[in-house]
1. Based on what the data block shows, is T211 of a type in the set (S, T, N, Q) and buried (at least 19 other Cβ atoms within 10 Å of the Cβ)?
2. Tell me which of these V50 doesn't satisfy, since it passes every other one: (1) in a loop (DSSP other than H, G, I, E, B); (2) surrounded by 13 or more Cβ atoms within 10 Å (Cβ to Cβ).
3. For region 126-138, enumerate the residues that are outside any loop (DSSP other than H, G, I, E, B) and either touching a strand residue (DSSP E or B) at 6+ places or on another chain (Cβ under 9 Å) or free of Cβ contacts under 8 Å to residues at least 24 places away in the same chain (or both).
4. Can you name every residue in region 44-72 that is closer than 19 Å to P82 by Cα and without any contact (Cβ under 8 Å) to a residue 12 or more places away in the chain?
5. Please tell me if D172 is modelled with pLDDT of 95 or more, farther than 26 Å from P75 by Cα and touching a Lys or Arg at 6+ places or on another chain (Cβ under 9 Å).
6. I'd like the full set of residues that are among the basic types (K, R), assigned to a helix (DSSP H, G or I) and at pLDDT 90 or above, limited to region 65-121.
7. Among D196, D222, which is farther than 30 Å from R67 by Cα, modelled with pLDDT under 90 and of a type in the set (D, E, K, R)?
Amino acid sequence: MPERVLALHGATNFRDLGGYPTVDGGRTRWGMVFRSDAPHRLSTADLAVVERLGLLVAYDLRTDEERDRSPSALPATVRRIPLTIGGTAAHTRANAEMIRTRPADIPDDFLAEMYRRMADFDADVFGRILTGLADADGTPALIHCTAGKDRTGVTVALLLAALGVDEATILDDYELSAIHFTDRHLPRLLARLPEDVDPARYRAVFGAPRTAMYTMLTTLRDRHGSIENYLRTRAGLSPATLTALRDRLVRQSAS
């Protein structure tokens with residue numbers, strides 16, 4: 001069985017989405033879709049690891065400003081597709097400044113509301129990514145933003161739901177970003193802030209609390225009846241595309 005988390009120096013949240021069980025008895029295929037934080041600090045050794053993945057496509061969900069500030073270091077052979085997801089999630093510096101200066105102003109549902117807004121305003125982006133992944137030359141692929149947990153997290157949650165992965169497993173995958181990104185970067189981030197900043201409030205923005213993604217998924221089901229209906233009506237995925245996506249990314253049981 002492949003390792004889920006790639007041991008890289010320049011990206012701590014680079015993960016394989018393979019091996020997750022689906023409700024119809026299948027498993028998501030290893031080595032087909034990866035998720036990550038921004039790949040701008042990849043070392044020479046990291047690139048050797050990444051090249052072995054055979055990536056064909058990388059979906060970069062960052063803003064133009066973020067890309068200019070931290071250009072991707074992925075191999076030139078990887079086709080890079082910039083698909084910006086904006087809103088609050090893209091304001092990484094502004095979020096940090098808000099916590100530094102106005103931590104009491106951060107509502108408890110900050111991330112949940114951020115994710116709901118993504119679902120409302122960026123459905124076409126999610127549709128384009130999932131449609132691309134269903135293409136014959138659409139994988140192996142990487143999906144990334146800056147931290148690999150919010151914009152990437154919502155995209156991956158919708159992808160796994162489309163593949164038939166159960167909600168508990170989707171939430172488990174989302175929470176791994178707290179381990180592989182937030183926990184690793186939190187000491188460095190807190191060192192830049194005043195001593196009276198509450199780490200718990202910082203985690204409310206830079207963590208991956210299970211309830212935030214759960215709330216987003218629940219909202220979509222309440223509004224659309226199911227995640228699949230959301231993907232078909234708002235994200236524009238056809239039944240044929242959803243079938244192709246599952247055929248490509250899910251390995252069915254031999255029995």
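The values are calculated or read from the model by the stated rules, or taken from the named source; none is laboratory data. In this text, all values refer to a predicted model and were calculated from it rather than measured experimentally. With ideal geometry, Cβ positions are generated from the backbone for all residues, glycine too; neighbour counts draw on all protein chains shown.
1. Spelling it out, it is not the case that T211 is of a type in the set (S, T, N, Q) and buried (at least 19 other Cβ atoms within 10 Å of the Cβ).
2. Only one criterion in (1) in a loop (DSSP other than H, G, I, E, B); (2) surrounded by 13 or more Cβ atoms within 10 Å (Cβ to Cβ) is unmet by V50, namely (1).
3. Within region 126-138, R128, I129, G132, L133 qualify.
4. Of everything in region 44-72, those that are closer than 19 Å to P82 by Cα and without any contact (Cβ under 8 Å) to a residue 12 or more places away in the chain turn out to be E65, D68, R69.
5. Yes; evaluated as a whole, the condition is true for this residue.
6. Matches in region 65-121: R67, R69, R116, R117.
7. Being farther than 30 Å from R67 by Cα, modelled with pLDDT under 90 and of a type in the set (D, E, K, R) holds for just one of D196, D222, which is D196.
Yes/no per residue for (1) out of contact with any helix residue (DSSP H, G or I) (no Cβ under 7 Å at 6 or more places or on another chain); (2) not in a helix (DSSP H, G or I):
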position	(1), (2)
I143	no, yes
A147	no, yes
V154	no, no
Y174	no, no
I179	yes, no
T215	no, no
